[in-house]
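Data first, discussion second: the structure below is written as structure tokens.
The values are calculated or read from the model by the stated rules, or taken from the named source; none is laboratory data. Quantities reported herein were computed from a predicted structural model and do not represent experimental measurements. Glycine gets a Cβ as well: all are built from the backbone with ideal geometry, and neighbour counts include every protein chain shown.
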Amino acid sequence: MEYFSMGGYAAYVWPSYGIAMLILVGLLINSWSITRRYEADLICMCQNRSDIEPVSIDITEK
Amino acid sequence: MHHISNMNRFFCIANAILPIFCVVSAGMFPVGLYYALIESPADYQQGDTVRIMYVHVPAAWGAMICYLTMAMASAVFLIYNQPLANLAARAAAPIGAGFTLIVLVTGSFWGQPVWGTGWVWDARLTSVLILFFLYLGYIALANAFEDPDRGGRAGAVLALVGAINLPIIKFSVDWWNTLHQSSSLWRIRGPSIVPEMLLPLLLMGCAYFSLFVVMMILRLRGLYAGRLLRQMRIAAASR
């Protein structure tokens, strides 16, 4: 219990670690969900449209 | 067509290194946190508040590296019109905004006991706040156009103009009389920080950096897939 009091600075140390880890985990989940959503949609669309090869599409806007 | 072969080669390499950085990140965070919270000593002046440094300083490094990535990608996109560079800048912006938010919040928690205030308008704190707004501005601007290339170009100009803020952040503690202390690590005469505190700082730095690489690769894959989807929908609609 002595340890968790952080020499009397528990109210500053623990929230700092908590918020930092919360933001990092949030960023990671967000990054992962973007990838999963778009890649899943892409696979669906390619399966429905067998005439399109995704690799042959240029992503530069004409 | 050479864009596509570049793209495939890039994602081959990215997917190959992704598991390595996942493992490094997953390993470094527990080890870094163990040294930061348990193994390292309290400071003789600041007491245990010095432990905030181990989440605050690596986040600040990450925020700077992220902006550097965004600015360089923006320059490549503006000069060579390389689509992957546009996606890289877009991928880096939210990560950088998150890192900068960590810097600001943990800095405030550190400032309250040590300085007696959570916020002052001094050069270092203000320039980091501007960095945060630059990230938000980039995200807003890059997504404000129907055409992602036009949005990317507008954002790229903002990112490059805002890059002037990077040396200002780095040297603000030397140029102005700030409440924020100057760097203890990047000094000509070597670090002025004891090894017991340097180790957790570097471990957490590696942890943050490897996580940054993981999130960059994931976001680039997602944004690339999103761009392909958009192209296919446009092609389907014009048929």
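On the basis of being more than 12 Å from chain A (Cβ to nearest Cβ) and touching a residue at least 24 places away in the same chain (Cβ under 8 Å), does B:ALA75 make the cut? Answer is yes for this residue. Scan region B:32-82 residue by residue and report those that are over 23 Å from the mean Cα position of the chain (by Cα), polar (S, T, N, Q) and buried (at least 20 other Cβ atoms within 10 Å of the Cβ). Hits for region B:32-82 are B:SER40, B:THR49. For region B:162-174, the criterion of being more than 13 Å from every other protein chain (Cβ to nearest Cβ), loosely packed, with under 15 Cβ neighbours inside 10 Å and not β-branched (Val, Ile, Thr) is satisfied by at least one residue.
The helices (runs of 4 or more DSSP H) found wholly in region B:77-162 include none carrying at least 2 residues that are in contact with a strand residue (DSSP E or B) (Cβ under 6 Å, 6 or more places away or on another chain) and at positive phi. Candidates in region B:5-30 are the residues that are of a type in the set (Val, Ile, Thr) and surrounded by fewer than 16 Cβ atoms within 10 Å (Cβ to Cβ); of these, the one that is nearest to B:ALA207 (Cα to Cα) is B:VAL23.
Criterion first (free of Cβ contacts under 8 Å to residues at least 40 places away in the same chain and either more than 17 Å from B:PRO58 (Cα to Cα) or touching a Gly at 6+ places or on another chain (Cβ under 8 Å) (or both)) does B:LEU101 satisfy it? No, not satisfied.
Does B:ARG233 meet the test of being out of contact with any helix residue (DSSP H, G or I) (no Cβ under 9 Å at 6 or more places or on another chain) and modelled with pLDDT under 90? For B:ARG233, the condition - out of contact with any helix residue (DSSP H, G or I) (no Cβ under 9 Å at 6 or more places or on another chain) and modelled with pLDDT under 90 - is not met. Residues of region B:229-239 that are within 12 Å of another protein chain (Cβ to nearest Cβ), without any contact (Cβ under 8 Å) to a residue 12 or more places away in the chain, part of a helix (DSSP H, G or I) and not polar (S, T, N, Q): B:LEU229, B:MET232, B:ARG233, B:ILE234, B:ALA235, B:ALA236. Checking each residue in region B:180-228 for being within 8 Å of chain A (Cβ to nearest Cβ) and either over 30 Å from B:ALA26 (Cβ atoms) or small (Gly, Ala, Ser) (or both) picks out B:GLY222, B:ALA225, B:GLY226. Every listed requirement among (1) at pLDDT below 95; (2) surrounded by fewer than 13 Cβ atoms within 10 Å (Cβ to Cβ) is met by B:HIS180 save one, (2). Taken over region B:181-219, the criterion of being under 18 Å from the mean Cα position of the chain (by Cα), under 24 Å from B:LEU125 (Cα atoms) and among the hydroxyl-bearing types (Ser, Thr, Tyr) is satisfied by B:TYR208 alone. Taken together, the residues in region B:163-185 that are within 30 Å of B:GLN82 (Cα to Cα) and not in a helix (DSSP H, G or I) amount to 2.
Name the residue that is farthest from the chain's Cα centre (by Cα), counting only residues in region A:11-43 that are more than 8 Å from chain B (Cβ to nearest Cβ) and at pLDDT below 95. Restricting to residues being more than 8 Å from chain B (Cβ to nearest Cβ) and at pLDDT below 95, the top hit is A:ALA11.
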